[in-house]
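FYI, it's all coordinate maths here, none of it is from the lab. What you see is a predicted model, and the numbers here were worked out from it, not measured in a lab. Here the Cβ is made from the backbone with ideal geometry for all residues, glycine too, and neighbour counts use every protein chain on show.
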Amino acid sequence: MVEERYNGWANRETWAMALWLDNDRALYDESRGRAREVVEGKDALLIDVEDALKEWVNEMAGEACEEPNAELCKMFMDIGSLYRVNWREVAESRFEEDELKRLHAQEDERRRLRMERFKAERRSVE
């Protein structure tokens, strides 16, 4: 199977989402603020940021074309299917490189601890 990439992103929908979030100052500030809010003072993972951004965008999408904000409606028409958006890539793009490295390290450590617990449980069963 050939991996689909679009301008360095997972697919066209992910690229379009990131493009809109990066090129509209209000959306840029809000998306980065929400991402930081999720991880600030918590042992949060990128999956938590993904979920928060996805929920926020889905809320906007539900209201976008009902309100007189034609620009927001245009954004969702341009993006297409929100189902195809790779929210992991969008979440990662909300952070600077050093912040992203820290989040990846937290995830790696949590995976390592989970694996250790799993192995210990298996040994105790055997």
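Each residue of the stretch 109-121 is assigned a 3J(HN,Hα), and the resulting list reads 5, 5, 4, 4, 5, 4, 5, 4, 4, 4, 5, 5, 5 Hz, derived from the Karplus form 6.51 cos²θ - 1.76 cosθ + 1.60 (θ = phi - 60°), x at Gly and Pro.
Counting other Cβ atoms within 10 Å, keep those with at most 13, restrict to DSSP loop, and tell me which trypsin sites (Lys or Arg not before Pro) in the stretch 1-34 are left.
Hits after loop and neighbour filter: 5.
Temperature 10 °C, viscosity 1.306 mPa s: under these conditions the Stokes-Einstein estimate for the chain, based on its Kirkwood radius over C-alpha pairs, is 97 µm² per second.
Across the stretch 72-89, coupling constants 3J(HN,Hα) worked out from phi with the 6.51/-1.76/1.60 Karplus curve, θ = phi - 60°, read 5, 4, 4, 4, 5, 5, 5, 5, x, 6, 5, 4, 7, 5, 7, 5, 4, 5 Hz, and Gly and Pro carry x.
Converting phi to 3J(HN,Hα) with the Karplus coefficients 6.51, -1.76 and 1.60 and the offset θ = phi - 60°, the stretch 92-107 yields 4, 6, 7, 10, 6, 4, 5, 5, 5, 4, 5, 5, 5, 5, 4, 5 Hz in sequence order, with x at every glycine or proline.
Our helix-only sum for the chain, with -39,500 (n - 2.57) per DSSP H run of n ≥ 4 divided by its residues, gives a mean residue ellipticity at 222 nm of -23500 deg cm²/dmol. Here the dipole of the chain is about 720 debye; that uses its Cα centre as origin and unit charges on the Cβ of Lys and Arg (positive) and Asp and Glu (negative).
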